[in-house]
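Data first, discussion second: the structure below is written as structure tokens.
Here, each number is a calculation from the coordinates, and none is a lab measurement. Please read all numbers here as calculations on a predicted model, not as lab measurements. Glycine gets a Cβ as well: all are built from the backbone with ideal geometry, and neighbour counts include every protein chain shown.
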Amino acid sequence: VTTEIVTGEIVGHRFWRYFISPVGDVGLRSYVADTFWRPRQIVECSETPDVAEHGIHAFKTLSDLIFVCRGDPRSLLVRCDVTVPKSHGVVLGCVQLWGIVHKHSRGYRGQYAKPASFSEAYGDDAPRALARLKASFGVWS
Amino acid sequence: MAEIGEPEKRVVVVPLENPVIQPTHEPSPPEPVKVPEKEPAQP
């Protein structure tokens, strides 16, 4: 199997859960996993993407992401009520991926990642949560 | 995030910023330039 080496980053589309602390701070976690995403920190997957389905997932296009949501990103909110602790909403955006990256037909699994932009939020206090995430991560849509 | 489709290709992406892939050894020093001590004698 040949491995192509490229420079730069791959940018994909993904969604996260956000949560609002009792003092009003807005935090970010992966949608499925409990991984925290923090400003100025790189997220590294626990196993390299060479292992099974591991890796930080993202979609190639926004259409690929919306297709998974059956056309409505609000459908992602169902998970917020079943997480412990409760999540307050979901946010859509773009992520930069690098390191070992497995390309799939509709997306990627990357080894390293950081948010590149946040574009939409749904859930409790969504407009303010979106603004706080953009400011704290220093990324814009 | 499991609906990303069928696997296609494995790539290694080296970022221009935030490099996390480091060389595993120091680069070799440059070869010294060899300068002849004297011009060869002319016949």
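What number comes out for the charge environment of A:Val91, summing +1 per Lys or Arg and -1 per Asp or Glu over other residues with Cβ under 11 Å away?
Net local charge, A:Val91 excluded: +4.
Sequence-distant or interchain residues sharing an amide H contact under 5 Å with A:Ile100, placed H: which?
Under 5 Å from the amide H of A:Ile100 lie the amide H atoms of A:Gln111, A:Tyr112, B:Val13, each far enough along the sequence or on another chain.
Longer than 27 Å from Cα to Cα, which of A:Lys86/B:Lys9; A:Lys86/A:Lys114; A:Lys86/A:Lys134 are they? Say none if no pair is.
Beyond 27 Å: A:Lys86/B:Lys9.
Across the range A:70-86, in residue order, what do the Karplus-derived ³J(HN,Hα) couplings come to in whole Hz, using 6.51 cos²θ - 1.76 cosθ + 1.60 with θ = phi - 60° and x for Gly and Pro?
Ordered by residue, 3J(HN,Hα) equals 6, x, 9, x, 5, 5, 6, 5, 4, 6, 4, 7, 9, 7, 10, x, 4 Hz.
Would you list A:Trp98, A:Trp37, A:Trp140, A:Trp16 from fewest to most Cβ contacts within 10 Å?
Ranked by crowding around the Cβ, least crowded first: A:Trp140, A:Trp37, A:Trp16, A:Trp98.
What whole number of Å gives the distance from the Cα centroid of the range A:88-141 to the Cα centroid of the range A:50-80?
11
Charges at C-beta only: +1 for Lys and Arg, -1 for Asp and Glu. How large is the resulting dipole of the range A:12-109 about its Cα centre, in Debye rounded to 20?
260
Which whole number gives the average count of other chain Cβ atoms within 10 Å of the Cβ atoms across peptide A:79-92?
Mean inter-chain Cβ contacts per residue within 10 Å come to 0.
Give me the number: length gained by fully extending A:His54 to A:Glu120, i.e. 0.36 nm times residue separation minus the C-alpha to C-alpha distance, one decimal in nm.
Gain in length upon complete extension: 21.2 nm.
Counting only other chains, and only Cβ atoms inside 10 Å, what mean value do you get across the residues of A:3-10? Present the calculation step by step, with values, prior to reporting the outcome.
Working: counts 4, 5, 5, 4, 5, 5, 6, 3.
Counting other chains' Cβ atoms within 10 Å and averaging over A:3-10 gives 5.
How far apart, in nm, are the 7 Å Cα→Cβ label points at A:Leu62 and A:Val84?
Here the answer is 3.7 nm between the modelled labels.
Working from the pairwise distances between different alpha carbons, so that the mean of 1/r is found and then inverted, what is chain A's Kirkwood radius in Å?
15.4
Using a 10 Å cut-off around each Cβ, can you sort A:Asp50, A:Asp124, A:Asp34 from fewest to most neighbouring Cβ atoms?
Lowest to highest Cβ neighbour count: A:Asp34, A:Asp50, A:Asp124.
Counting only other chains, and only Cβ atoms inside 10 Å, what mean value do you get across the residues of A:95-108? It would help to have the intermediate numbers written out before the result.
Numbers: counts 0, 4, 3, 11, 7, 5, 5, 6, 7, 7, 5, 5, 5, 4.
Average per residue, whole number: 5.
Near the amide H of A:Glu120, under 5 Å away, which other amide H atoms are found, from residues 5 or more places off or on another chain, if H is placed in the peptide plane?
A:Leu92
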